[in-house]
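Below: one structure, written as structure tokens.
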Amino acid sequence: MIKCVKFLLKKLGVLESMQPIQSNLNTINLVLIRDTFSDNSVIGELFLNGERMCDTLENPWLDNQRNISCIPKGEYDVRLRLARESATRDYLHLLVKDVPNRSHILIHIGNFPKDTSGCILVGLGSQQDAVNNSVLAMDLLIKEIVNLGGENINLIIKNK
């Protein structure tokens, strides 16, 4: 799968133009720090191997209820998920694995709370209950992850 993605990015001329963020011990570390909480959403920042990548938007904390709550803070394994694995996402995105009492938690494109059903949305810039430039943020995040090998992805979620 990773070889296929790298081949496509190379063919598009993307891989050569990117400077990879250095990774230690072949693990890709994502850290999401949630810092703004409202009745409608949670806004945060996503870091890749210590470098700030983008803003995030999630549902508010509602006791980990399916489709309406953000997931619990903690540590999760993540993997790349191809478009063909999804009925709703026609682009490469991320799947957060082994979330307690939940399934199919994704990191994907979207701008508003209505665009997520418990997933994590990415953007470049944020305002109350919204992130901006989500497509560009997702593209940059995925390119960096693929450039780093696309495997052994670890996500840590913390509340500020």
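So, in nm, how far is label ASP115 from label ASN26 when the simple model puts each one 7 Å beyond its Cα toward the Cβ?
3.5 nm
From the square roots a ≥ b ≥ c of the eigenvalues of the alpha-carbon gyration tensor of the stretch 27-159, which class results: rounded (a/c under 1.5), prolate (a/b over b/c), or oblate?
Values: a/c = 1.31, a/b = 1.23, b/c = 1.07.
It comes out rounded by the Cα gyration axes.
Consider a paramagnetic label point 7 Å from the Cα of ASN67 along Cα→Cβ; state which residues of the stretch 110-139 have an amide N under 11 Å from it.
Residues 117-118 qualify, since their backbone N sits under 11 Å from the label point.
Please work out the Cα center distance from the stretch 108-133 to the stretch 30-68, rounded to the nearest Å.
With the stretch 108-133 and the stretch 30-68 each reduced to a Cα centre, they are spaced 9 Å.
Among all the aspartates and glutamates, which ones have a C-alpha under 15 Å from LYS114's C-alpha, if same-chain residues fewer than 8 places away are not counted?
ASP39, GLU58, ASP129
What order do you get for 68-80, 102-114 when each peptide is scored by the mean count of other beta carbon atoms within 10 Å, highest first? Each step should come with its number before you reach the end.
Working: 68-80: 16.3, 102-114: 18.2.
Highest mean packing first, the order is 102-114, 68-80.
Any read-out appearing in this document is the output of simple, stated calculations on the displayed coordinates, not a laboratory observation. Model, not experiment: these values are computed from the prediction. Glycine gets a Cβ as well: all are built from the backbone with ideal geometry, and neighbour counts include every protein chain shown.
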